[in-house]
């Protein structure tokens, strides 16, 4: 039942090192694959020039045995809300359609420093506001697992990092960077059948990540498997002077043992009873139960725990997110950068028109709501109360991790498998988020690490995933358990019918044959 | 009331206000004035509060702007630790309670020179609270006797400055300079404990002296390094406070007094006429010496304060236990390194030299005068401290006023002053020539006063024989005056003395001349 994939980052590095394949070859394949998969709309922009020139450099370094890290020469896609020097960074918004940053986000800098190849900037919900990747100025992202791509009959990817999830799921690249504010990495990972990690808040720098809600924003990793996820995490985590909210102490790199050395004996797994709730698809529930059973059968102590406040996360989130959005979006006034309305009789009119033209309705709605919550007369009743409930949610986690001695919590990532686009868009953005984000927002509010791992396919032939949450800075333990589960489940990491991943494998093996 | 109507009324009252203001002693009023000050002091640092850009005054437009200052998406604030140290220093000097943990907030409003759409400030948990300042109220020529006043400080907070908008009305466009955006400020909010304009101006004066001795702020009001807003209201004693107005754009310490005075009088006239005071922001117009309503500030703003999520709470090391954490600003270390404050200097001067309070205040107010004074006194001359102080305060300041220079621009060296007093002490020159020497020393800072005196032939005539000769000649030339003197008009002695003075270009030793003349005339 082991899920092995010849395209893993470690194996890729080995074939680069042995000369069986070269970063340039793989990058060319990846760019080709991205073109083949252009109907998925995963990328807002491919960066072939940058990718080819850096892959050439990587190839050169491998030839001289001077590879910088396990990511050397590995094609990686980055969500289009990370600033990339001299490469447009749009946040999938008309407002920033022509915005070209003059600096790299710390995450991007570290990837480059590690030798990774930036393949392109991925599609997303405008300013990350959404959980479906359907709210992009550049059009919605389509799930690679869809049976039908016509007439709105396709499946959504989940969001807001849908482009990053599809880029990995379709085999275009080996890993992608997303950002997770309320589940924006884990939800698309879940719907697209890839691993999605949201680490501890403060472990990865937010410098250069265009914010949604600063107190919850967390850079995250999407990859084919847990090991790949770790390789990327290790390259980008750690303190950053440019982000005062990063954890100051250097974080030791995550090192996972080989599979045969991992067991779950004695691991205390908590099952939050509140997550067994209305709207949970029976197949998802069954999957959840089954994994809990497998864990228990293998010596883990699986326990039901009560976290009375966690499902209130969605309400807290809908207030705090809106408030931070209202504040963060204030800078887009058309003066220094971004969309500027053509006619303006006064400064006020310039603001109003530029903002009215530049933002979509979701962004505008959140700005309006957030400003309402922040009004002097409403602040105590909304913001302060939401902060109090946030504290209660945090305390729920504290209780289970510190008092009940739980090591990891196991929940579904989403209520269902990937919804159909035409059904999804009948709901308001608020309801879409309320449904999709239900199990994911608590980790953002508490700042704890969480990972979504694909488990099996539903009767719709769509991925079903589960979420593991751990205590602050317990990435090592969390990912060890994730890796163990990954090895035990029957998840076919192949997305039919658009089998781009297989195409990549064929290309790699062809390259291998050629060199041998 | 519509705005134009209000304007008419203002004009109607304007003459009365101005007339009342020019009266030497305004008549006792039934209205009690209450004044509160809000001061923004630019912290003297090389770089901005949250970014690495420089904050030198007068840099070319938009040349000190980092990505963060321009609110480029994705950039984050990083707190400048030196600003925190200087703010703590100020808080200690103003006897504040320092918060071991303070926080930053966002204050939102749209303005072209505020690129982020919010200002980062400290609203809920400021760096320090509950301070107080005790200072002398004394303005020569305005207040009669110096007295001490205590005003409470409500809070001291760190915040960033905005940029500057430059409006080109002719071309119909506005330009923005972001050099100032993000420059570190301390906002000091004082309680409305002040009763009149002189108390307000003296508070600003003392605050500026304190900040300068701490090296926390240049206090150059003309550069905007120190900005004062005044809240003014009037009420009848024993009744609640009246509606207040806020005065902005006050450009100098004297303007503080003038603006507050004007506003008190304006409100008094309106209230006496049964009008209501509008809660509004008014601007001080230094040219017309009036406060005028600011149109764009009329709408009440809701600033929608929110905690700044990108900055963790600001922790300070309050005791030695927490001081081992080098990340934190160490309050005890700052306590131990506090310099002398203006009031300490006054006390020390009073103890050492027994000078009158007025003199102490003026000396300490003018750093240059104080430096001259201490250096002259340190040279162990036999001149009484009071003589030195008076010469500096009266003669040097008069000279500077006449030359239209500030005392800081005076080029005279302390050594020249020491020599000057030596010459006076040795009777080589008299006060008249000492005054003239000021001009020469200022123009030739390299010249020794003795040399100037010699070259100019300004030496006093002290030779008794010469004096006698002069007096004799004077008596001979003024028979009528002498006659009248002898008849009892003794005051006419000074006419004769004056004559000698005139004859000798004031070089004759007047004490000797008086003595000699008396001797001659009485014999």
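Derivation of every value follows stated rules applied to the coordinates shown; laboratory data play no part. Being a predicted model, the structure only gives us computed values, none of them experimental. Quick reminder, even Gly has a Cβ in these numbers, built from the backbone with ideal geometry, and neighbours come from all protein chains shown.
Can you give me the C-alpha center-to-center distance between region B:236-267 and region B:423-469, rounded to a whole angstrom?
50
Please tell me the relative contact order of chain B in percent, rounded to the nearest whole number, where contacts are Cα pairs under 8 Å and at least six residues apart. Provide the component values of the computation, followed by the final result.
Working: 880 pairs, mean separation 68.6, N = 523.
Reported as a whole number, the value is 13 percent.
Pop the C-beta distance of residue A:348 and residue A:297 into the FRET formula with R0 = 56 Å and round what comes out to the nearest 0.05.
E(calc), rounded to 0.05, equals 0.25.
Cα axis of helix B:197-214 to longest principal axis of chain B: angle in degrees, 0 to 90, nearest 10?
80
Could you give the angle, 0 to 90 degrees to the nearest 10, between helix B:81-93's Cα long axis and the longest principal axis of the Cα atoms of chain B?
60
Could you work out how far apart the two model spin labels at residue B:357 and residue B:432 are, taking each label as a point 7 Å from the Cα in the direction of the beta carbon, and quote it in nm?
Label-label distance for residue B:357 and residue B:432, simple model: 3.8 nm.
Taking the inverse of the average 1/r across all pairs of different Cα atoms in the protein assembly as shown, what Kirkwood radius in Å do you get?
Taking every pair of different Cα atoms in the protein assembly as shown, averaging 1/r and inverting gives 34.0 Å.
Any chance you could tell me what percent of the C-alpha pair distances in region B:464-522 go past 17 Å?
Cα-Cα pairs of region B:464-522 separated by over 17 Å account for 25 percent.
Add -39500 (n - 2.57) for each DSSP H run of 4 or more in the protein assembly as shown, then divide by its residues: what number comes out at 222 nm, to the nearest 500 deg cm²/dmol?
The helix-only estimate for the protein assembly as shown comes to -12000 deg cm²/dmol at 222 nm.
What's the average, rounded to a whole number, of partner chain beta-carbon atoms within 10 Å of each residue's beta-carbon in A:203-212?
What the average comes to for A:203-212 is 3.
Return a whole-number percent for the relative contact order of region B:464-522, with Cα pairs under 8 Å and 6 or more residues apart as the contact set.
42
With each label point set 7 Å from Cα along the Cα-Cβ vector, what nm distance links residue B:110 and residue A:98?
Roughly 2.1 nm, to one decimal.
How would A:281, A:95 line up from fewest to most surrounding beta-carbon atoms within 10 angstrom?
Ascending Cβ contact count within 10 Å gives the list A:281, A:95.
Starting at 0 and stepping by 5 Å, how many percent of the alpha carbon pairs of region A:321-478 end up in each bin?
2, 8, 12, 13, 14, 13, 14, 11, 7, 4, 2, 1, 0
What is the average number of partner chain Cβ atoms found within 10 Å of a Cβ in A:230-238?
That works out to 0 on average.
Please work out how much length the chain gains when fully extended from residue B:490 to residue B:300, using 0.36 nm per residue of separation minus the C-alpha to C-alpha distance, in nm with one decimal. It would help to have the intermediate numbers written out before the result.
Values: separation 190, 0.36 × 190 = 68.40 nm, distance 7.48 nm.
That pair, residue B:490 and residue B:300, stretches by 60.9 nm at full extension.
Modelled label-to-label distance, residue A:398 and residue A:69, 7 Å Cα→beta-carbon offset: nm?
It is 3.4 nm.
Rg/Rh for region B:3-307 to two decimals, with Rh computed the Kirkwood way over all alpha-carbon pairs.
For region B:3-307, the value is 0.97.
Quick one: B:107, B:89, B:489, B:144, fewest Cβ neighbours within 10 Å first, how do they rank?
So the residues, fewest neighbours to most, are B:144, B:489, B:107, B:89.
Let me understand region B:342-456 better: what is its radius of gyration from the alpha carbons, and its Dmax, in angstrom?
13.7, 43
I need the peptides A:138-144, A:210-216 ranked by packing, meaning the mean over residues of other C-beta atoms within 10 angstrom, with the highest value on top.
Highest-to-lowest ranking by the protection proxy: A:138-144, A:210-216.
Once the Cα gyration tensor of region A:254-311 is diagonalised, what are the square roots of 5 times its eigenvalues, in whole Å and ordered largest first, as equivalent ellipsoid semi-axes?
25, 14, 11
Give the span of chain A's Cα atoms along each principal axis, as three whole-Å numbers ordered largest to smallest.
Here the spans come out as 70, 54, 50 Å, largest first.
How would you rank A:431, B:499, A:180, B:161, going from fewest to most other Cβ atoms within 10 Å of each one's own Cβ?
A:431, B:499, B:161, A:180
Whole Å is fine, so just give me how far the alpha carbon centre of region B:66-93 lies from that of region A:166-206.
Cα centroid to Cα centroid, the span is 33 Å.
Which whole-number percent gives the relative contact order of chain A, counting Cα pairs below 8 Å spaced six or more residues apart?
Result for chain A is 19 percent.
Could you work out the Rg to Rh ratio of region A:92-156, with Rh taken as the Kirkwood radius (inverse of the mean 1/r over all Cα pairs)?
A ratio of 1.07.
Any chance you could give the angle, 0 to 90 degrees and rounded to 10, that helix B:414-425 forms with the longest Cα principal axis of chain B?
That works out to roughly 30 degrees.
Could you tell me how many cubic angstrom of Cα convex hull volume chain B has per residue?
232
Taking each pair of different alpha-carbon atoms in region A:364-445 once, compute 1/r for the pair, average those values, and report the inverse of that mean as the Kirkwood hydrodynamic radius in Å to one decimal.
Result for region A:364-445, one decimal place: 15.5 Å.
For B:300-312, what's the mean count of beta carbons from other chains sitting within 10 Å of each residue's beta carbon?
Rounded to a whole number, the mean comes out at 6.
For region B:327-402 and region B:162-187, compute the distance between their C-alpha centroids and round to whole Å.
Between the Cα centres of region B:327-402 and region B:162-187 lies a distance of 39 Å.
Once the Cα gyration tensor of region B:223-285 is found, what semi-axes does its equivalent ellipsoid get, as square roots of 5 times the eigenvalues, in whole Å, sorted largest first?
Output for region B:223-285: semi-axes of 24, 11, 10 Å.
Let me know the whole percent of all Cα-Cα pairs from region A:402-456 that are separated by more than 16 Å. Walk me through the numbers on the way to the answer.
Working: 804 of 1485 pairs.
In whole percent, the long-distance tail amounts to 54.
Evaluate E = 1/(1 + (r/R0)^6) for residue B:333 and residue B:46, where r is the Cβ-Cβ distance and R0 equals 25 Å; express this FRET efficiency to the nearest 0.05.
Numbers: r = 20 Å, r/R0 = 0.81.
For residue B:333 and residue B:46, the calculated efficiency is 0.80.
At a temperature of 4 °C and a viscosity of 1.567 mPa s, determine how fast region B:279-359 diffuses translationally according to Stokes-Einstein, using the Kirkwood radius over alpha-carbon pairs as Rh; express D in µm²/s, rounded to the nearest whole number.
68
R0 = 41 Å: FRET efficiency of residue A:364 with residue B:19, Cβ-based, nearest 0.05?
E between residue A:364 and residue B:19, to the nearest 0.05, is 0.15.
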